[in-house]
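Peer 1: Submitted below is the structure of interest, expressed as structure tokens.
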Amino acid sequence: MRREAEGASLPSHWLLLNSITLRFFLVYELSAADRAAGLSELTGLLERGQLAHAVARRLPLESIADAHEIVERGEAVGNVVLDVA
């Protein structure tokens with residue numbers, strides 16, 4: 001049985017009070033220049049230790065089917081990482 005994704009809720013009142021603007025986009029539709037600029041900024045944040053990945057689960061590559069099921073069921077808060085080495 002496939003479960004439909006639930007919608008996200010945003011704190012709209014807080015966003016309005018703090019003049020926060022959210023802009024949603026699909027990374028696949030970025031121009032090459034915009035993608036390069038984003039990668040450069042993200043790389044800098046990672047190098048300075050200002051950005052951390054939330055790894056929820058680590059599994060061996062052989063458990064790839066289990067990893068997909070964990071993600072589909074929404075059991076992991078963070079990334080599900082497969083070790084390939």
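Peer 1: If you go through the stretch 67-84, how many residues are exposed (fewer than 13 other Cβ atoms within 10 Å of the Cβ) and over 19 Å from ALA8 (Cα atoms)?
Peer 2: Total satisfying the criteria: 4.
Peer 1: Okay, next question. Only residues that are in contact (Cβ under 8 Å) with a residue 24 or more places away in the chain and either outside any helix (DSSP H, G or I) or not charged (D, E, K, R) (or both): list them for the stretch 58-73, please.
Peer 2: Applying the first criterion (in contact (Cβ under 8 Å) with a residue 24 or more places away in the chain) to the stretch 58-73 yields 58-59, 72-73.
Hits for the stretch 58-73 are ARG58, LEU59, ARG73.
Results for (1) touching a residue at least 24 places away in the same chain (Cβ under 8 Å); (2) over 18 Å from the mean Cα position of the chain (by Cα), shown as yes or no for each residue.
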position	(1), (2)
SER31	no, yes
ARG35	no, no
SER40	no, no
ALA56	yes, no
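Peer 1: Let me ask something additional. Among the numbered criteria (1) at pLDDT 95 or above; (2) in contact with a His (Cβ under 7 Å, 6 or more places away or on another chain), which single criterion is violated by ASN79?
Peer 2: Unmet for ASN79, out of (1) at pLDDT 95 or above; (2) in contact with a His (Cβ under 7 Å, 6 or more places away or on another chain): (1).
The values are calculated or read from the model by the stated rules, or taken from the named source; none is laboratory data. Just so you know, these numbers come straight off a predicted model, no measurement behind them. All Cβ positions, glycine included, derive from the backbone under ideal geometry; neighbour counts span all protein chains shown.
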